[in-house]
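The block underneath contains the structure these notes are about, expressed in structure tokens.
Bear in mind these aren't lab numbers, they're just calculated from the coordinates by the rules spelled out. Note that this is a predicted model, so its numbers are computed, not measured. Neighbour counts are summed over all protein chains in view; Cβ atoms, including those assigned to glycine, are modelled from backbone coordinates with ideal geometry.
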Amino acid sequence: MRHRDFAAFIAPSLIAMFLFIVLPVGSIMVQSLFVEHDQVLVTTKNCGPFGCKEETRVDTQATEKLRREEPLGKFNGLGTYFNRAHLAIAQVGQIFSGNHGFGDIVSRLYDLPFYKALSFTLVYTFLVTPLCMVSGFLVALGVNAIPRMIKGPVIFLSLLPYIITPLLGSLILFWMINTDGVIGATLQLIFNDPELSLKASPVLTWVTLIVYGVWHMTPFAFVVFYAGLQTLPRDTIESAMIDGASRWERIRNVVIPHLLPLATFVALILMMDNFRVFEPIVGFSAAANATSLSFAIYNDLNGQTDQLFGSASATSVLTMIGVIILLLPVLVRTWRDFKGRAR
Amino acid sequence: MRHMRAAALAAFGFIATAGTAYAGCGIDQGSVRILSNDFDALGIIIDAAKECAGDGVTVSANMTTEHKSLQVPALSVNPARYTVATIANNSIAPLLTKDLIRPLDEYVKKWGGELDDRQLIRVDGKVVAIAFMINSQHLFMRKDVLEEASIKEPPKTYAEILAAAKKIRDKGIMKYPLAATDQAGWYLATEFVNIYLATGGDFFKPGSAEPAIDNKDGLETLKTMKALTQYMAPNYMSVSADEMKNMYLSGNVAIMNQWGSMVEAHTDPKGPAPKIAANTILDPAPTLKGHDIPASALWWDGFAIAKNISDKDAEASFQAMMHALRPQVAEDHPKASVWLAKGFNAPKSAQGILKTASGGARPYPMSPYMGLMHTALGNELSDFMQGNESAEKALKDVSAAYRTAARETGFLQ
């Protein structure tokens, strides 16, 4: 291919990547280095239906002047990254310089919003991803074995949790696990504990969210593995059967190795998806017990009256770094496979 | 076919005459575009404003609960996307801070004849918004349950509420007789604000954005909030106002400090629980021992006119809103809200709010950084409420989280 043809061929995707990936990411990175201008405050008398009161307000003209001089805001360097809402360098330093042992360190770190969000995000990612893959694989094996006639409907039903919008799915479950709801009341009956509420304790909330996550994402793993099962080499399976391999041995020695490249792909996508867990936290009103990095960003942008763009951008950049670290092992593996094959 | 055409023509003629008949707002022309929160009482106002449409005047409205996040960007552009923003004492702050609304003194003089003086929201002597209704939380109590527990006087203070709850529980009537909107986030913070206001304390040091909640008033507030939870269903951290309504209507709650604007849903004799509705007492918000300030923030709802629009549109918008706020509209819908309209005869269902206000409850602060404080409270108090943290630590965390956000928004250096 000539260079010109190659350039013309690749240009549209380069432009698209620049517009939709490089620009937004770049703008977020720039944004995260700035905070808003100092607000010039004056005390005024405010009156309304409930009488008058001395309150402060922002001197808009003076503040506007500052804003015009530096339209991007006040340069803060990495200040936002290091403040209490993010990496909390000062607080973490204090925790490590004076503490009462490991438990104290953990509980005090967990008290800081970023580490609280990070810990749930990581636990969620590392539990939901493998559990989804296992359950997806089992469902795929099961569906693959049932008679042709009912396969269509069964596949459709198995996909349902994935089709439902996560927010709706979690809201419906939220109502069901209510102490008056079907699941909540049944659990109370089973454990014979009228006090039992899945919403009350942090541990049970985490369990609920993780179970929900597995329920929601399993169909994705299932559908990919099921597609992979359709490409199983029949002759290998048949020769394994002739050799007297049991069903378990066939799965272990033929099916799993065959699906391994797919598993890498599924793990990659699931990890990315789970790392940005967000909707169930809103749907389950779980913010008191579990927050995630995405939820922290949402919280910054959805404040009562103000939007903390700098803070949200910093969390976004930290999330991106997190995703890269998380995916690194998988990416390195894929790269090695690729190079190995190319050779 | 011919019939249809005739019918269409007739319908068209009807609409046209209807248009001229309603254009009695005194507006020649202009575009009125309203951004508002989404609840019934606002719908009434907006429908009334829409009567001004026709003959060169267009009235459109976007009613959405996401109005708070829309208003600043939508009013920042020039010309602004909306000409009217309905606001409350908390949501007016960012519009004032970013200088997005215009002074209304001149308009009030020209067209505001029917307004009461208390409807005018003045900042630094200038009218910046017009209030048209008020709201607050106040006590909703089950008369039958109190009687069954032989409580003669309905409780008035938090101490009495706790005593009453104990009696109700001890008699085996209800295990969890209390409820509060303690859902982490906005609601939890609102509960703190309500009780903290009742201590008489202020949220900030005078004249600055320095937080001032880390004191004995703050501790008393948290102590009260926590003490109440021992009589609440274990999932109290996920209860919002709507959830609390459902709990009350299911007969699971005897005493609660609920939003006055939701009174209709609780006392509707044709609603899901007519027996509970008939047995509901509406009393002012409770007070704290040693204080006599009812524990609920007072809220007003009103409207402001955007700055970045033509004077023509601004005038049309103000006139349309004046048409919508005429006392007749309040008289036609007396139960929809506690209207501030002149001569409005409040029905019995409004007594909870009115008594809370006349009892000396304090308004929700209009300070520009109160929103940041509210967010910090909503995020940082949940550990304490679940018993994982001391009250002192929780208040320190709130101050620290608030300071971080206030530094980023330039209120603190």
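What to note about this one:
- 5 angstrom amide H check on B:Gly54, placed H, neighbours 5+ away: B:Val59
- From the C-alpha gyration tensor of the stretch B:332-393, square roots of 5λ in Å: 36, 15, 11
- For chain B, adding -39500 (n - 2.57) for each run of n ≥ 4 DSSP H residues and dividing by the number of residues yields -13000 deg cm²/dmol at 222 nm.
- Once the chain from B:Glu264 to B:Asp40 is taken as fully extended at 0.36 nm per residue, the excess over their C-alpha distance is 79.5 nm.
- Other-chain or far-sequence residues with amide H under 5 Å of B:His291's (modelled H): none
- Taking a sphere under 14 Å around the Cβ of A:Ser197 and counting the other residues whose Cβ falls inside, with K and R at +1 and D and E at -1, yields a net charge of -3.
- Extension gain, A:Arg234 back to A:Ile15 (0.36 nm per residue minus Cα-Cα distance, nm): 74.4 nm
- Calculated FRET efficiency, A:Ile321 to A:Val123, Cβ-Cβ distance, R0 = 25 Å: about 0.85 to the nearest 0.05.
- Rounded to the nearest 5, the antiparallel percentage of DSSP beta bridges internal to the protein assembly as shown is 75%.
- Taking label points 7 Å from Cα along the Cα-to-Cβ direction, B:Val77 and B:Asp55 give a separation of 3.1 nm.
- Karplus (6.51, -1.76, 1.60) ³J(HN,Hα), θ = phi - 60°, over the stretch B:32-45, in Hz, Gly and Pro reported as x: 10, 10, 9, 10, 8, 5, 10, 8, 3, 4, 5, x, 4, 4
- Within 10 Å of each Cβ in A:309-322, the average number of Cβ atoms from other chains: 1
- Degrees, to the nearest 10: A:148-163 long Cα axis against longest axis of chain A: 10 degrees
- Taking each residue as 0.36 nm, the span from B:Ile281 to B:Ser208 lengthens on full extension beyond its C-alpha to C-alpha distance by 22.2 nm.
- Of every Cα-Cα pair in the stretch A:109-239, the percent that sits beyond 25 Å: 44 percent
- Couplings for the stretch B:115-126, taken from phi via the Karplus curve 6.51 cos²θ - 1.76 cosθ + 1.60 with θ = phi - 60°, read 7, 8, 4, 6, 7, 7, 8, 10, 10, 6, x, 9 Hz in order; Gly and Pro are left as x.
- Between the stretch A:290-343 and the stretch B:185-206, the alpha-carbon center distance in angstrom: 36 Å
- Amide H within-cut-off set for B:Val338, under 5 Å, with H built and near neighbours excluded: B:Ile134
- 0 to 90° range, to nearest 10: angle between helix B:216-229 axis and chain B longest Cα axis: 80 degrees
- Net charge over other residues, Cβ less than 9 angstrom from the Cβ of B:Ser60 (K, R count +1; D, E count -1): +2
- Distance from the C-alpha centroid of the stretch A:237-263 to that of the stretch A:186-214: 38 Å, rounded to the whole angstrom.
- Largest first, the extents of the alpha carbon coordinates of the stretch B:73-142 on the three principal axes equal 52, 31, 22 Å.
- Peptide A:50-63 shows a mean partner chain C-beta count of 6 within 10 Å per residue C-beta.
- Sorting the segments B:179-190, B:113-124 by their residues' average number of neighbouring beta-carbon atoms within 10 angstrom, most packed first, yields B:179-190, B:113-124.
- Label separation (A:Phe265 vs B:Ala346): 6.6 nm, computed from points 7 Å beyond Cα along the C-beta direction.
- Subset of B:Lys205/B:Lys396; A:Lys116/B:Lys68; B:Lys68/B:Lys245 violating a 19 Å alpha-carbon distance limit: A:Lys116/B:Lys68; B:Lys68/B:Lys245
- Evaluated at q = 0.16, 0.19, 0.20 Å⁻¹, a Debye calculation over the C-alpha positions of the stretch B:294-413 (equal weights, vacuum) places log10 I(q)/I(0) at -0.97, -1.05, -1.08.
- Seen from a random direction on average, the alpha-carbon convex hull of chain B projects onto 23.4 square nanometres.
- Normalised radius of gyration (Cα atoms, divided by 2.2 N^0.38 Å) for the stretch A:113-342: 1.20.
- Alpha-carbon Rg with Dmax, taken over the stretch B:252-359, Å: 17.9, 54
- Residue by residue, the stretch B:239-248 carries 3J(HN,Hα) couplings of 9, 9, 4, 5, 4, 5, 4, 4, 4, 5 Hz when phi is fed to the Karplus relation 6.51 cos²θ - 1.76 cosθ + 1.60 (θ = phi - 60°); x denotes Gly or Pro.
- The residue among B:Ala159, B:Leu197, B:Ser136 whose Cα reaches farthest toward the positive pole of the charge dipole of the stretch B:116-224, with charges on the beta-carbon of Lys, Arg, Asp and Glu, is B:Ala159.
- Remark: mean inter-chain Cβ contacts per residue of A:30-41 equal 3, using a 10 Å Cβ-Cβ cutoff to other protein chain atoms.
- If you wrap the Cα atoms of the protein assembly as shown in a convex hull and average its projected area over all directions, you get 46.0 nm².
- Beyond 29 Å in Cα-Cα separation lie the following of the pairs A:Lys53/B:Lys143; B:Lys156/B:Lys226; B:Lys171/B:Lys335: A:Lys53/B:Lys143; B:Lys171/B:Lys335.
- Net charge of Cβ neighbours under 13 Å - reference B:Thr224; Lys, Arg +1; Asp, Glu -1: -1
- Centre separation in Å (Cα based) which lies between the stretch A:122-171 and the stretch A:52-92: 47 Å
- Applying 1/(1 + (r/R0)^6) with R0 = 35 Å to the Cβ-Cβ distance of B:Met63 and B:Lys126 gives a FRET efficiency near 0.80.
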